[in-house]
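Asks: Next up is a structure, given as structure tokens.
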Amino acid sequence: MNRKKVWAAGGAAALILLAAGLYLFGRWTASESRTVRDFESALRGGDTAKVASMLVTDNDKAKMDEAAARTLLAYLKQDGRLDQAMKELSGSETGIFSVEKNGRQYVLFDRYRVVVHTGTVEARTNYNGAAIKLNGKTVATADSDDYSTQIGPLLPGNYKLEAVFAGDYATLKTEQTVTVNGGGNSAESVDLSLQGEMVTIDANYPQAKIFIDDKDTGALTGGNDSLGPVSTDGSNLVHVEKEFPWGTAKSKPQPITGSSVHVELDPNDDALKDSVMLAASNFIESWMEAYNLLDPAVLKNSSADKKAGLEAGVEDYKKNGLRYESRLKKIVFDTDSIYVQQDSDGSFRTAVSVQSTYDQRFYAAGDTPPAYAEYTDTMTYRLVYEKGEWIVADWYQDYGFQNAHTKTMSYSS
């Protein structure tokens, strides 16, 4: 055989070997088993980009991207689901995944792809207008009080389903976590019924504004209005507010746990107590100052009859040439003694227990003034609210001063 024939025979053999190698390589890379192996490797390696590129869904409405792949991987990592899914896929069993032919590769070979099987969820709710949400995104809105809808197709995974109803006064909400298993299996129907009731709110004061979750309902206590719907599981809070002559009083928020709620409004807040203590201290200070100056006109926060009594006293001191001088040192208020009450005529009254410490002296005009002597008395002052201020209407000796909660005003000499 001459050299040319040898080279020709060798070249032909090499081409045959190359062709055979390419054929075997192509058949191997395009094989179903290689597709499954590459897919399993991407799953176990957590390669969401590759998983998304290798997967198609059995329903064109189901989107396959990296976000969907992450949801799928999180689901497969639970309870040995990945091992079970790959066992089903390798054994050609019906499951989450299946392999199907998808055209030709390299002209000669079948191309394979992995299909993920989706599922659906039936959601039911009982409030017309409630939003049905899937993982926080609204996917449907109820158009009746007996509403159901099919949600899907969904990739296998865990999903949060919610029903949310925004009422006039409160938002009703319920949620459940549902697992979609795929493989042609639909999740059970999910009951997203909302628990809402109409409620009646009353309080110890009529005509107080009613607030639910800090929203003014426009209703007032004493009107027996039915408000709602609201949840009675304690997730919604109610409070009331009432305008008093000295300011607005607000109750503490309390949970709604039934169809009827009673709210206690305590108007005896710090603002009220401060105004009462200021009025009482003004009265005490100015009463002493009136005798020091022999001038009843300086009296403050006094009722007309008490001012008349002071005027008579000062006039008597002047007529008899007497002097009374005092220096206020300290006033201690029992803040627990301040409790406002409303009379049948709509007027307000209160009282405050006061312990006053002061220096005082008595002497006749023209005599050498004696040294001051310290004195402490305890009085309960009764006050009424008139013309925008608290005024002292009366007082009496108090022998049971309580000092559990006090406030002190100190005075320099």
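Asks: Considering each of Asp336, Asp316 in turn, give the residue that is assigned to a helix (DSSP H, G or I), surrounded by fewer than 18 Cβ atoms within 10 Å (Cβ to Cβ) and touching a His at 6+ places or on another chain (Cβ under 9 Å).
Replies: Values: Asp316 fails: touching a His at 6+ places or on another chain (Cβ under 9 Å).
Answer to the selection: Asp336.
Asks: Another question about this same structure. Taking strands (runs of 3 or more DSSP E) that fall entirely within segment 224-287, which contain at least 1 residues that are touching a residue at least 60 places away in the same chain (Cβ under 8 Å)?
Replies: On the way: elements: 226-230, 237-244, 247-250, 260-263.
Correct list: 226-230, 237-244, 260-263.
Asks: For Ser189, only one of the following conditions fails: (1) in contact with a helix residue (DSSP H, G or I) (Cβ under 6 Å, 6 or more places away or on another chain); (2) at pLDDT below 95; (3) not hydrophobic (A, V, I, L, M, F, W, C). What is its number?
Replies: Checking Ser189 against (1) in contact with a helix residue (DSSP H, G or I) (Cβ under 6 Å, 6 or more places away or on another chain); (2) at pLDDT below 95; (3) not hydrophobic (A, V, I, L, M, F, W, C), the one that fails is (1).
Asks: Determine which single condition Thr118 fails, assuming it passes every other condition in (1) buried (at least 18 other Cβ atoms within 10 Å of the Cβ); (2) out of contact with any Pro (no Cβ under 7 Å at 6 or more places or on another chain); (3) over 20 Å from Pro229 (Cβ atoms); (4) of a type outside the set (D, E, K, R).
Replies: So Thr118 meets the others, but not (2).
Asks: Among residues belonging to segment 146-159 that are modelled with pLDDT of 95 or more and not polar (S, T, N, Q), point out the one that is farthest from Asn59 (Cα to Cα).
Replies: Of everything passing the filter in segment 146-159, Asp146 is farthest from Asn59 (Cα to Cα).
Asks: Condition first: among the aliphatic types (A, V, I, L, M), surrounded by 15 or more Cβ atoms within 10 Å (Cβ to Cβ) and assigned to a strand (DSSP E or B). Now tell me which residues in segment 339-389 satisfy that. Write out each step before concluding.
Replies: Step one: filter segment 339-389 for residues among the aliphatic types (A, V, I, L, M), giving 340, 351-352, 354, 364-365, 371, 373, 379, 383-384.
Next, only the ones that are surrounded by 15 or more Cβ atoms within 10 Å (Cβ to Cβ) stay: 340, 351-352, 354, 379, 383-384.
Once the filter is applied, which keeps residues that are among the aliphatic types (A, V, I, L, M), surrounded by 15 or more Cβ atoms within 10 Å (Cβ to Cβ) and assigned to a strand (DSSP E or B), segment 339-389 yields Ala351, Val352, Val354, Met379, Leu383, Val384.
Asks: Oh, and also: Hey, could you check segment 168-221 for residues that are among the hydroxyl-bearing types (Ser, Thr, Tyr) and over 30 Å from Gln84 (Cβ atoms) and say which is surrounded by the fewest Cβ atoms within 10 Å (Cβ to Cβ)?
Replies: Just the residues of segment 168-221 that are among the hydroxyl-bearing types (Ser, Thr, Tyr), to begin with: 169, 171, 174, 177, 179, 186, 189, 193, 200, 205, 217, 221.
Next cut, over 30 Å from Gln84 (Cβ atoms) only: 169, 171, 174, 193, 200, 205, 217, 221.
Numbers: Tyr169: 20, Thr171: 15, Thr174: 18, Ser193: 13, Thr200: 18, Tyr205: 19, Thr217: 19, Thr221: 22.
In this case the residue turns out to be Ser193.
Asks: Give segment 122-172 a look and list any residue that's under 24 Å from Ala74 (Cβ atoms), within 24 Å of the chain's Cα centre (by Cα) and part of a loop (DSSP other than H, G, I, E, B), or say none.
Replies: Once the filter is applied, which keeps residues that are under 24 Å from Ala74 (Cβ atoms), within 24 Å of the chain's Cα centre (by Cα) and part of a loop (DSSP other than H, G, I, E, B), segment 122-172 yields Asn135, Gly136.
The values are calculated or read from the model by the stated rules, or taken from the named source; none is laboratory data. Fair warning: this is a prediction, and the values are worked out from it, not measured in the lab. All Cβ positions, even for glycine, are placed from backbone atoms using ideal geometry, and neighbour counts span all protein chains on display.
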